[in-house]
1. Under a 1.4 Å probe, what is the accessible area of the range 120-210 per residue, stated in Å²?
2. If you keep only loop residues by DSSP, which GluC sites (Glu not before Pro) in the range 41-122 have at most 14 other Cβ atoms within 10 Å of their Cβ?
3. Anything in the chain that counts as a DSSP H helix reaching 20 Å or more along its axis (C-alpha) with Kyte-Doolittle mean of at least 1.6? List them, would you?
4. With a 1.4 Å probe and every protein chain kept in, tell me what percent of the accessible surface of the chain is carbon plus sulfur.
5. Nearest 5 percent is fine: what portion of the DSSP beta bridges confined to the chain is antiparallel?
6. Using the C-alpha gyration tensor of the range 253-368, what are the square roots of 5 times its eigenvalues, in whole angstrom, with the largest one first?
7. TYR329: accessible area at probe 1.4 Å, nearest 10 Å²?
8. Evaluate E = 1/(1 + (r/R0)^6) for ARG66 and SER209, where r is the Cβ-Cβ distance and R0 equals 25 Å; express this FRET efficiency to the nearest 0.05.
Amino acid sequence: MPRRDPGGRGLREPELPRTAKAAARTLRTGWTTGTCAAAAAKAAAAALVSGQLQERVEVGLPRSTRRVRFPVARCELGDGWAEAVVVKDAGDDPDVTDGARLTARCSLRSEPGLLLDGGEGVGTVTRPGLGLQVGGPAINPVPRRQIAGAVGEVIDLAAGGALVVISVPDGERMARKTTNPRLGIVGGISILGTTGIVRPFSTDAWRASVEQAIDVIAAGGGTTVVLSTGGRTERAAMRLHPDLDEVCFVEVGDFTGHALRRAVARGLRRCVFVGMAGKLAKLGAGVMMTHWTRSRVDPDLLACLTADAGGDPDLVAAVGRANTARHAYELWAEAGLSAPCDLLCDQVAANLSHYCDGRLAVEVVMVDFDSLEAVGRSRAPRPGTAPAQPEPRR
């Protein structure tokens, strides 16, 4: 079994594929499969209750008061059921599900509440570690709540129930171009989305925003940057560091290496990195560009950490076979073993410090997927001693 590399040697920052490069114009946002599924479900429910075919439908977005209207591409009434289709518009994001026909069939049931199922083209979960029930449809928690909320605007789910089946014609073919087969989601795509909005992935735009955020910290005399990979980990970071000004928190997405270089160039002294198991596992393996197209979680690293933490041979073997880093974390939690989380944070801190030649004092915190509570920390900040150097011209 390969051993961990505490010196952080062999760090790499692979380039993104051409499909993720920036456009020269302002990029147009789109809608997630979750939002489109919710819109289709509401249109089908409204048709079933009213007996009228629906032409447009309006739904709310998660964690927002914003509401969005969609045209209904097809609406059909049958014997005790109604079906509606909303076509996904991904905006300018290079998304394989752009143009997908999110289809919802709704029927009434006597039991209160919403029963949600997946039909043709929606994947089935076959492995643990995804936060979804094995054997169930690959419809993530936020879209599930979004669909229930949308249907609940039409049907009183406390008084009577509804069955909604989401399907995506041609979804199985689309899924071949995603990570679903590798993750054990078979037969179709996942219904995804945490904000309801698809924001186009633009390399130059994201890098520019990271640079600008770090420049603002430095211009204000700040010395600390708190990096996170997304909105949820940023909220966790802010909760962990209420003493810091909001300007100190920067979402780096997949561009950790770029953010570190910029922080050093602008004279910052301290970096706190807050993440979940997946991104930390990649950074622990020395991959500074963590976009899914250019990096994978190394289960051997996680198995080594398990062994180093005193895990028994069966647990080490199970972690080595883990489907995802989240699955490995869940196995640690089930075994009552927290030390691997700390060791992973130590490994990431060593790699980040090595990457910036020790010029930043680096701390790493791992947070839980659901509670966002800290479940692992690096032991002590690695001191940043070298003076900042001018950023090389590109």
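1. With the other protein chains kept in place, the range 120-210 gives 43 Å² per residue.
2. GLU55
3. none
4. Answer for the chain is 50 percent, counting heavy atoms of protein chains only.
5. Once the DSSP bridges in the chain are tallied, antiparallel ones form about 60 percent.
6. In descending order, the three semi-axes are 27, 14, 11 Å.
7. Here the accessible area works out near 30 Å².
8. About 0.70, to the nearest 0.05.
The values are calculated or read from the model by the stated rules, or taken from the named source; none is laboratory data. This is a predicted model, so every value here is computed, not measured. With ideal geometry, Cβ positions are generated from the backbone for all residues, glycine too; neighbour counts draw on all protein chains shown. Side chains are part of the model used for accessible areas, which takes the heavy atoms of the whole protein and leaves out ligands, DNA and RNA. Shrake-Rupley method; radii C 1.70, N 1.55, O 1.52, S 1.80 Å.
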